[in-house]
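The block underneath contains the structure these notes are about, expressed in structure tokens.
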Amino acid sequence: MSPTTGSSATDAEAPSTTEAILDATLQVLGERGLKGATTRLIAQRADVNEVTLFRKFGTKKKLIQVAIEQKFATVRRTFGGYTGDIEADLLRLADTYLAVLDGVGPAARVILTEVLYDPELARSIRGPEQLFAAVSQMLTRYQEEGVLRDEPPLSLVPAFIGPMLMPYVVKAIADSIGLGPLQFDVHAHVSGFLYGRIGTRGEPR
């Protein structure tokens, strides 16, 4: 086998190995929590040597950071921002955000209730902050156009994103008392958000 061929094979395998490690990280994080998600368990779940994990990411916290950032990057990339159609923009954002949360599974609760309250780890994770800024920028533009009423971004953005997060935060409680799967109606949420905030131009397009 020539050196060139061998290099190509290694390059082709690298992304799948990285993806397996990141997926395993979120799976174990959801099952064991922040403290219980050891690098040994993550390596076993990803079917790699623990040395490979450290070689790629260095530390457990860096691994968790990258795994979470990848998910937020997916939301920002798919969301895309302002198009001039606020209802379509918010539906796209909500659908993408919920799809990512569903993909993360139980890790969503751990991220929201444990990871973001670890000062060192929270400071390294810029995804939530960057997403907040992107959504804030879009909504501010609609406010400037008169589509939405004036309202501080610090209350406006959580008002939209917060209700989507809550089912994941309270899922364990809901399961324990037999409420079953928690449902979230994206269209009802977007409609309620918009029609409670109509600006001077009246009904949003």
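Checking the condition modelled with pLDDT of 80 or more, outside any helix (DSSP H, G or I) and under 25 Å from Gln70 (Cβ atoms), which residue from Phe160, Phe184 passes?
Working: Phe160 fails: outside any helix (DSSP H, G or I).
Answer to the check: Phe184.
Looking at the structure I just gave you, is Asp95 surrounded by fewer than 16 Cβ atoms within 10 Å (Cβ to Cβ), under 25 Å from Ala37 (Cβ atoms) and among the acidic types (Asp, Glu)? Working first, answer last.
Values: surrounded by fewer than 16 Cβ atoms within 10 Å (Cβ to Cβ): yes; under 25 Å from Ala37 (Cβ atoms): no; among the acidic types (Asp, Glu): yes.
Taking the combined requirement at face value, the residue does not satisfy it.
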Per the filter on segment 118-130, residues out of contact with any Leu (no Cβ under 9 Å at 6 or more places or on another chain) and either part of a helix (DSSP H, G or I) or modelled with pLDDT of 85 or more (or both) are Pro119, Glu120, Arg123, Ser124, Gly127, Glu129, Gln130
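Condition test on Tyr82, is it in contact (Cβ under 8 Å) with a residue 24 or more places away in the chain, closer than 26 Å to Tyr195 by Cβ and not in a helix (DSSP H, G or I)? I'd like the intermediate steps shown before the answer.
Working: in contact (Cβ under 8 Å) with a residue 24 or more places away in the chain: yes; closer than 26 Å to Tyr195 by Cβ: yes; not in a helix (DSSP H, G or I): yes.
Considered against the rule, which asks whether it is in contact (Cβ under 8 Å) with a residue 24 or more places away in the chain, closer than 26 Å to Tyr195 by Cβ and not in a helix (DSSP H, G or I), Tyr82 comes out as yes.
What's the total number of residues in segment 144-157 that are surrounded by 18 or more Cβ atoms within 10 Å (Cβ to Cβ) and part of a helix (DSSP H, G or I)?
Total meeting the criteria: 2.
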Result of the Cβ filter at 6 Å on segment 169-194, keeping first residues that are within 20 Å of Val157 (Cα to Cα) and small (Gly, Ala, Ser) and partners that are at pLDDT 90 or above and not in a helix (DSSP H, G or I), at least 6 apart or interchain, is none
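Could you tell me which of the residues Thr140, Thr74, Thr113 is among the β-branched types (Val, Ile, Thr), surrounded by fewer than 16 Cβ atoms within 10 Å (Cβ to Cβ) and either within 17 Å of the chain's Cα centre (by Cα) or at pLDDT 90 or above (or both)? Spell out how you get there, then give the answer.
Values: Thr140 fails: surrounded by fewer than 16 Cβ atoms within 10 Å (Cβ to Cβ); Thr74 fails: surrounded by fewer than 16 Cβ atoms within 10 Å (Cβ to Cβ).
The unique qualifying residue is Thr113.
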A careful count of residues in segment 12-65 that are under 20 Å from Gly105 (Cα atoms), among the polar types (S, T, N, Q) and more than 20 Å from the chain's Cα centre (by Cα) gives 3
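The values are calculated or read from the model by the stated rules, or taken from the named source; none is laboratory data. Since this is a predicted model, take the numbers as computed values, not measurements. Cβ: placed from backbone, ideal geometry, glycine included. Neighbour counts: every protein chain shown.
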